[in-house]
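**Student:** The structure that follows is given in the form of C-alpha cells.
What follows is calculated from the coordinates using simple rules that are stated; it is not laboratory data. Keep in mind that this is a model prediction, so the values were computed, not measured. Every residue, glycine among them, receives a Cβ derived from its backbone with ideal geometry; neighbour counts consider all protein chains shown.
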Amino acid sequence: MPLTRQEQRQARDAAHTLQQLLSRPSSKQLLQRPPPAAPLTAEQAAFATRCCASLEQLGKALPFSGAASDGQILHVLLSEQAACSVGTLLAWLQQRPQQLRLAQIQVQATPAARNTLKAVWVESTAVFLGMTVASNSMSASEAAPLVVELTQQLQQSGLLRSLQTDLLPLLRSLIKQQQEQPQQVQQLQVAVRKQNGPFACAFTYPCMLLRAWEHVVKHAPAVLPSVLPTLPALLQQLQGCSRLLLQLPQYGGVQSPVPGSSRGTRAGAAGSSMKSSVVEFHGLAAGLLCTMVGLSEQVTVLVGLLAQHEEVEEMLLQLLTACTVLLHKEHTTQQQQQHQARVRPGNSGSSSYRQELSKWSPKVSADLLPIPAFHQDMLQLLPGGQAYLDGAAAYVADYCSTADQQKGHCWLQVYKVLFIFSKSLRNHLRDNEPLASDAPVLSAAALRLVLELQLLAAGELQRLQQATGPHPSWHRFVAEACYWGNTLLHLQTRAVLQAGASCLPPEVLQEAGLQLLQALAAPLQQLLSSSGSSGALLRQVLLGRIGMQEQLYAVRAAAAGLDLSSDQWPPAGRLPALAAAHPQAYIALIDCCLRSPAMEAMDMLAAADMLTHAADAVLGSPAALTATALPAGLASALTSLVKRAVQFTKKAVSLQAQPAEAAAAAARNIHARADACFPVAVLKITSRLYTRLADNINTASLHCQPQHSPSGGGGSGGSSSSSNQAAASVVLLAVVLARSLVQLADAMEAAGPQLLLQSFLGQPLYGLSWCEGVPGDIHNLVPRPYGTLQQHTAEVQWHFWQMFVLQSALRMLSALGRLELDPATQSAVAASTAAAAAAAVAPPAGSSTSGSCSSSNSQVSWGYLLQLQQSSPRWAAAVAAFDVGGLHNLDLTAAQVLPGNPVLNTVRQQYTAAIQLCRTLVAEAPLPVVCNNPSCENLAGVSEAAAASKACAGCRCRYCSAACQTADWKRHKSACKRMAAAGQACV
C-alpha cells in the first residue's frame, strides 16, 4: 500500500538529518582524514553516536518488505541524498580496515555500542542493503531511474572508487587477526555466523549493488557511465574476497565446531550460507556482464576484455563448473531411472524394425549417453574445490523451491557464462589478439568441461522433446546453452590453434575424442530429430543464427590445425587417426551435417574430403566391416552426400534460366556462385571421394573372401561367419557406390558439358578448412579445369568426368567379381540369410536385440548380396554382356586427349555401358539401411537408417515413406518378387 504522509516525512527527516550531520564543518574535517584509531575522542564518539541514530532511523524506513511501497521509500531517501551520505561513511571507514579490530566485532544492541566506528560501519551497510533491496522489489523499468540516481550518488560519495581498492584489504585484515590471535578463534567463529557481521556485510553489500545494476542496466543506459569505470576493479576485488572466504575453515569442507559447545552444526550452516553468497555473487556478475553485451560496441568490447582478467575468468569458470556438477548429477540420476524403466519386465518387446535397426545403427539416444565427469579436472584448478560446490548446491536449493526450478536456474547460469566467454573470445580473435596458450579458458580441462556441457544439453533437449505436456519455461535456456556451448567450442579450438598449437591437446583429442565428435554432432542431431514447438525453438536458436556446417571445419581444425596452404587440399593431420579411433561417431557427425538444412553447396567438398577418412577407417579394417553398424553408417553418410549433391546440381541447372542481371549479382556472391557452379564440385567429389572409395572396396575384397564353414567346425565356423559378414558389408558398400554413380550421372546429364565448362570459368569457391584469421575465415579451393589449356573445352572436361566414373565403376566391378561365391559357400550363406529373414519377419516373443556391433556366427547381415550372381539372372546376364576388355588398354589418364580424339567417343560409350550396368545392379540389389528409392531426396532425420522406417512387405528393403515406396515400385517390382520367391530378405 502507498506510504502515508507521516511515513514519508519520517523517512525524509531521517535522511535529511544524516545529510545535515555530514555537512557540518567539523564532520567534513573529520571525514577528510582517515578514520582515527581507538580510543575515540569524546567529539569523535559523539559523531559516531549521532550517525548511528540517524542510520537506525533510516533502517526503520526500509522494511525489506519487497512491496511496491519500497520504491516510494527509496525515492524519498534519494531525494535527500541518503545514498551519498551512506556511501560517504562507508568509503571513509574502509580506508583503514585495520581499525575494525577483532575486539570491535561483537555488536551489542545497546546505546553504549553506538559510539564506535565499527557500529557506524555495520549500520551503514544495513541501510545500503535496504536501499538495494528496495530497488530490486520494483520492475526493471520502474527501478531504472532510481538505480541511476543511487549509482550517481555512490559515485559522488567516493564509495565506488573505494570498493575498487579497499574491499579486499578489509577481508584480509580480518583474516590476519585470526592468524595473529589464535586464542580469539572462537570470537571469529561467532562473528562469521552473524548475518550482519563484518564478513557477511563486507561481501554482501557490494554484491547487492551488482544485483541492482543487473536488474536495470538494459532499461537504464544512463547507469553505464557510472558502472563501466567501476566494474572491472570491483569484480576483481569481490573475486579476491571470495577466494579468501572459501579458504576459511568455517566456509570450507572441514567444519570447525566451537570447543565445548554444540555449535558445530550452526557453524556449518553459517559457512554454507556464506558459500552460497559467493555463488550468488558469481551468478549476479555473470548476469550483469551478459546483459551488458550488445548494449553498444564499446560496452561489448569492455566485457570481452573484462572476461580475460584472471579473477573474472576464474569466477566464471567456477560458476560454470559448479552448475555442470549439479546438472551432471541430475543427468546421472535420470539416466539410472530411465534404464531401470526400460529393463523392467514387460518393456523389452519391440518391433522387428527396431531390432533390425539396433543391429545396423545401435545409436543410444542422447538422454541415455554415459557422460564422463570431466568437471573433476576443473575442481583441481579452481579455488574452493568441494567447498564451492557445497555452496552452489545450498544456493540453488535456497533460491529455487522445486527440483525443476533448480535445473532451470543452473541452465540459465550456464547459458550466461558460455555467452560471455564466446563474446570475449570472438572479440580477441577478431582483433587479432590471440590469448596466451596458458589462459584458463583454453586449458584442456576447460575444453573438456564444454564437451560435457554440450552432451548434457543434448540429453536435456532429448528428454524435453520426449516429455508429454507443455515444456518448462527454462527450455529456451537449454537451447541457448547448446548454441553458445557449440560457439565457444569453435572459438576455443581456434584460439588454441592460433596460440601456436598444431591440434587440440592429447587430453582432448585422444582421451576425449569420442566426446568431441558427439558434442559437435549433438546440436545438429537435436535439430534434425525435434518436432513441434521444441523443433521450432531449436530452429530459431540454432539454425537462424549460425551455419551449423561449421562443425565440419571445427573437427578438422581440432585434429589437423589451421590450414596455411593456398590452393590445395589441406593436410589430414590426425584426422585419419580420429576417424579410425571413433568411426561410428565420426560418420554420424558428417551424416547429420549433410542432412542439416544449413548445409550449403560451398561446404560439400569439405564433407566429401572428411568422408574419405571414414571410408578408409571402415574398409581398411576387417573388424570394422564385421561390425554391421559401421558399414551401415557409412552407407547412410554416402547416401546423404549424394542426395545433397543431386539437389545442388539441380539447383545449378535451374539457375541458368535466371535473368542476366540476377546472374551478374549472384556472381558477386561467393555462396550464390558456389550454387550456380556446383557441377565442378560434383567432378571434384567424384575424383576425391568415389574413386578412393572404389579403391578401398577393391582392396577390401582381397581380404574378405567368403568362406564355407564345415559342419561342426567350432571355432572355424565363427571365423567363416566373420569373413562372410565382412564380404557382405563390402558388397553393400559397392552397391551404394554404384547407386551414387547412377544418381550423379543422371544429375550431370541434365547439367550437360557446357554448364560444366561454364562452372569452371565461374571460379567458384568451395570451403575446405579453417585458416588463420578472424572467426569465419575459411580456406577455399578454386576448382581448376583438368589438363592443359588446349583441353579446357566442354568436350574434354566432360571426358574427365566420365573417366572418373569409369574408374570407380571398374574397381567396384572387380571387387564384386572377386566376392562371387562357390556352391558350398553359397549354400551356407543362403541358410544363414534365410534364418535372418525368418527372424526379421517373426522375432521371438520377448526377445530383445542388443546394440552389439558384431554379427553372430549363425546369421550374416545382407548375406543375400553375396548370392546376387546366382540368384539374379538379369544381373548375371548384364555382367556377362559388359565388355571390359577394351577398357584395360584405354588411357584413362587422358593426359594427351584433345578435342576430336577418337578416345573420347570410346570412353563415352564405355561410360554409358558402365552406368547402365550400375543401374541394373541397383535394381537387382535392394538396400536395407537406406531409402531404396534412388530418386529419393528426403533428408529428414539424423541418418538414412533412422529415416528409412517403412519396410517393403515382400523383400524387407526400406523406404522413408509410403510415397517413396509407391514411386519406386515399377523399378523395384521385379527384384522384390524374385527375392520373395527365393525366401530372401534384405536383412
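**Student:** Put a dot 7 Å past each Cα toward the Cβ at residue 906 and residue 501; how far apart are the dots in nm?
**Tutor:** 5.5
**Student:** On to the next question. Quick query: amide H of residue 373 versus all other amide H atoms, modeled in the peptide plane; which residues come in under 5 Å with a sequence gap of 5 or more or a different chain?
**Tutor:** Distant-sequence amide H within range of residue 373: zero hits.
**Student:** Sort 534-540, 752-758, 430-436 by packing, meaning the average of other beta carbons within 10 Å per residue, with the highest value first. Don't skip to the answer; put the middle values down first.
**Tutor:** On the way: 534-540: 16.9, 752-758: 18.4, 430-436: 13.6.
For the peptides 534-540, 752-758, 430-436, the packing ranking is 752-758, 534-540, 430-436.
**Student:** Give the distance, in whole Å, between the Cα centre of segment 118-156 and the Cα centre of segment 611-684.
**Tutor:** Each part reduced to its Cα centre gives a spacing of 61 Å.
**Student:** If you don't mind, another one. Would you mind calculating the relative contact order of segment 927-986 from Cα pairs under 8 angstrom and at least 6 residues apart, reporting the percent as a whole number?
**Tutor:** Averaging sequence separation for qualifying contacts and normalising by length gives 35 percent for segment 927-986.
**Student:** Sticking with this one: Exceeding 21 Å between C-alpha atoms, which entries from my cross-link table qualify? They are 643/684; 60/218; 643/973; 218/407; 643/977; 651/684.
**Tutor:** Details: 643/684 16 Å; 60/218 31 Å; 643/973 23 Å; 218/407 25 Å; 643/977 27 Å; 651/684 18 Å.
In this structure, 60/218; 643/973; 218/407; 643/977 exceed 21 Å between Cα atoms.
**Student:** To continue, here is another question. So what is the relative contact order for segment 602-738, in percent, with contacts set as C-alpha pairs under 8 Å and at least six apart?
**Tutor:** Numbers: 121 pairs, mean separation 50.1, N = 137.
Relative contact order here is 37 percent.
**Student:** Rounded to whole Hz and in sequence order, give me ³J(HN,Hα) for segment 866-873 from the Karplus expression 6.51 cos²θ - 1.76 cosθ + 1.60, θ = phi - 60°, writing x for Gly and Pro.
**Tutor:** In residue order, the calculated couplings are 6, 9, 4, 4, 8, 8, 10, x Hz.
**Student:** Now, a different point. Taking amide hydrogens as modeled 1.01 Å from N in the peptide plane, which residues meet the under 5 Å criterion relative to residue 779, leaving out close sequence neighbours?
**Tutor:** 768, 769, 770, 771
**Student:** Also, quick follow-up: For residue 310 and residue 37, calculate 0.36 nm times their separation in residues minus their Cα-Cα distance, and state this gained length in nm to one decimal. Write out the running numbers ahead of the final one.
**Tutor:** Working: separation 273, 0.36 × 273 = 98.28 nm, distance 3.53 nm.
Extra length from residue 310 to residue 37 when fully extended: 94.8 nm.
**Student:** Also, I was wondering about something else. Using a 10 Å cut-off on Cβ atoms, rank the peptides 29-40, 132-143 from the highest mean neighbour count down.
**Tutor:** Values: 29-40: 12.9, 132-143: 19.7.
Output ranking for 29-40, 132-143: 132-143, 29-40.
**Student:** Okay, next question. Restricting to DSSP loop positions (anything but H, G, I, E, B) with no more than 12 other Cβ atoms inside 10 Å of their own Cβ, which trypsin sites (Lys or Arg not before Pro) remain in segment 627-682?
**Tutor:** Details: sites: 643, 644, 650, 651, 668, 673; in loops: 668.
For trypsin sites (Lys or Arg not before Pro) across segment 627-682 that sit outside H, G, I, E and B with at most 12 neighbouring Cβ atoms in 10 Å, the list reads 668.
**Student:** Could you work out how far apart the two model spin labels at residue 373 and residue 661 are, taking each label as a point 7 Å from the Cα in the direction of the beta carbon, and quote it in nm?
**Tutor:** 6.6
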